[in-house]
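Here is the structure we will look at.
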Amino acid sequence: MIKLQDYEIEIRANSLISAGEWARKCLSMTNRLLVVSNQKVFGLYGEAVIKSLRDAGFSVDFYLIGDGERFKSFKTLEQTLAKMSESRLTRTDAVIALGGGVVGDLTGFAASIYLRGIPFLQIPTTLLAMIDSSVGGKTAVNTKFGKNIVGSFYQPSGVLVDVNTLRTLPKRELVSGFCEAIKQSIISDVKLFDCTSTFLAKFSLNNVNSTVNGENCLEDLIAKQIEFKAEIVGGDEKEDVERNDCRSRKILNFGHTIAHSLEKVTNYRRFKHGEAVGIGMLAAAEISKNLELLSSDELLLINGVIHRLGRLPKTSDLDIDEIMAAIAFDKKSVGNSVKWILIEKIGVPRIVDGSKIPTNLLKKSLAKVFSS
Ligand code: NAD
Ligand code: GLY
């Protein structure tokens with residue numbers, strides 16, 4: 001159990017079957033619940049969750065959205081809000097997001113604006129959602145003018161992590177989640193970095209079953225990762241624009257400036273989000289070394305742990321100038337400048353104003369990483 005401001009994150013294998021008891025603890029005044037999910041996840045876990053919620057005395061309805069990033073949209077948001085109204089949810093009733101980051105972000109946003117805010121719970125079922133998107137209250141939908149551009153900071157009333165759900169997760173989704181885990185480990189400290197990298201050295205991406213609960217326990221790693229994210233969010237819940245210290249929430253965007261550009265120039269089709277972050281971290285580390293912030297030894301450590309995940313999607317055909325143009329419009333910009341999260345050594349991220357990075361150095365660093 002991890003405590004975060006006003007709610008708890010419960011991490012327990014096989015906990016889905018007791019989701020009802022957990023929801024009761026989180027929601028003392030709720031009668032009606034709407035579970036939001038997609039067909040794939042609901043087909044795997046919906047029945048068990050709904051049964052447990054009904055056994056705990058809730059009146060439960062469900063709503064399935066389409067599967068994929070394109071459904072994190074205004075249209076799906078409107079449909080979900082309509083379903084919340086049809087289900088006659090009042091201000092003490094609640095929604096539960098059962099799925100990955102797409103379901104979680106959209107459901108959280110719907111909860112934050114329906115009747116000006118009703119309670120919501122998260123049951124994340126991807127590794128990325130468990131360690132990152134379900135923790136910290138960022139909610140959003142994508143728009144024609146950009147990804148995650150419209151959203152809110154809105155904390156759930158509880159998060160339930162059942163590691164056993166990862167047994168059905170496709171390998172690429174697992175890799176995507178591990179990229180975010182590596183990101184958190186690089187910016188956190190040597191302890192979490194060593195723990196994550198040792199875990200990955202022993203872990204078989206092709207056989208999650210043997211390692212979900214075994215000696216090299218994924219549940220322990222997930223708990224440590226969540227603790228780190230909870231600590232950062234606890235200290236800077238709304239990502240204060242004026243903070244530029246190495247414990248600002250902005251550091252969670254390590255690798256993201258380039259990741260967002262990669263996703264944009266490939267029309268969000270080539271990369272899973274975490275895969276783009278993996279390449280973004282390789283590039284951010286290379287830039288850090290070329291700026292003489294990071295030593296060659298630490299660069300090798302960072303590259304080594306990312307390469308443990310195998311080959312990430314190809315980047316050698318991408319146009320560096322197009323990427324540079326996309327970087328200039330990064331949504332994490334503050335005022336006129338892009339805020340880069342670079343790294344001095346494991347556990348010491350540094351926020352650097354884009355104007356401090358010479359264009360040639362940036363291009364050279366990207367060319368090196370993208371061609372390898
Ligand atoms: P996703 O929600 O699209 O899930 C990935 C795929 O896995 C989907 O096809 C889904 O149906 C499937 N799936 C989910 N759980 C499964 C399971 N247990 N077994 C089998 N299949 C399963 O993707 P994601 O990587 O979880 O989330 C990405 C989203 O998260 C993006 O929209 C990103 O912007 C957002 N995000 C938000 C935050 C935040 O702080 N709110 C942080 C990082 C990412
Ligand atoms: N995923 C970045 C954040 O939660 O701030």
* How many of the residues making up the range 147-185 are more than 16 Å from Leu218 (Cβ to Cβ), open to solvent by 20 Å² or more (accessible area, probe 1.4 Å) and touching a residue at least 60 places away in the same chain (Cβ under 8 Å)? -> 8
* To do: Might you check whether a residue that is in contact (Cβ under 8 Å) with a residue 24 or more places away in the chain, open to solvent by less than 10 Å² (accessible area, probe 1.4 Å), away from ligand 2 (no atom under 16 Å from the Cβ) and closer than 23 Å to Arg308 by Cα occurs anywhere in the range 210-217?
  => yes
* To do: Could you tell me which numbered condition Met281 fails, if it satisfies all but one of (1) open to solvent by less than 10 Å² (accessible area, probe 1.4 Å); (2) within 13 Å of ligand 1 (Cβ to nearest atom); (3) in contact with a Gly (Cβ under 8 Å, 6 or more places away or on another chain); (4) on the phi < 0 side of the Ramachandran plot?
  => (2)
* Considering only the range 230-246, how many residues are open to solvent by 70 Å² or more (accessible area, probe 1.4 Å) and in contact (Cβ under 8 Å) with a residue 12 or more places away in the chain? -> 3
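Mind checking which residues of the range 127-148 are of a type in the set (D, E, K, R), modelled with pLDDT of 90 or more and either more than 8 Å from ligand 1 (Cβ to nearest atom) or outside any helix (DSSP H, G or I) (or both)? Please lay out each step first, then the result.
Start the filter on the range 127-148 by keeping residues that are of a type in the set (D, E, K, R), which leaves 132, 138, 144, 147.
Subset that is modelled with pLDDT of 90 or more: 132, 138.
Lys138, the sole residue that qualifies.
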* To do: Working only within the range 109-130, note down all residues that are aliphatic (A, V, I, L, M), within 16 Å of ligand 2 (Cβ to nearest atom) and either in contact with a strand residue (DSSP E or B) (Cβ under 8 Å, 6 or more places away or on another chain) or open to solvent by 20 Å² or more (accessible area, probe 1.4 Å) (or both).
  => Leu128, Ala129, Met130
* Asked: From the list Glu298, Glu292, Glu275, which one is within 26 Å of Phe145 (Cβ to Cβ) and among the charged types (D, E, K, R)?
  -> Glu275
* Asked: Quick one: is Val241 within 16 Å of ligand 2 (Cβ to nearest atom) and either outside any loop (DSSP other than H, G, I, E, B) or at pLDDT 95 or above (or both)?
  -> no
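To keep it simple, each residue is scored yes or no on (1) closer than 18 Å to Tyr63 by Cα; (2) away from ligand 2 (no atom under 14 Å from the Cβ); (3) of a type in the set (A, V, I, L, M, F, W, C).
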{"residue": "Thr107", "(1), (2), (3)": "yes, yes, no"}
{"residue": "Thr143", "(1), (2), (3)": "no, yes, no"}
{"residue": "Val161", "(1), (2), (3)": "no, yes, yes"}
{"residue": "Leu166", "(1), (2), (3)": "no, yes, yes"}
* Asked: Within the range 6-27, is there a residue that is buried (at least 22 other Cβ atoms within 10 Å of the Cβ) and more than 16 Å from ligand 1 (Cβ to nearest atom)?
  -> yes
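The values are calculated or read from the model by the stated rules, or taken from the named source; none is laboratory data. The structure displayed is predicted, hence computed values, not measured ones. Every residue, glycine as well, gets a Cβ built from its backbone with ideal geometry; the counts of neighbours run over all protein chains shown. Note: accessible area is taken over every heavy atom of the protein model, side chains too, but ligands, DNA and RNA are not part of it. Shrake-Rupley method; radii C 1.70, N 1.55, O 1.52, S 1.80 Å.
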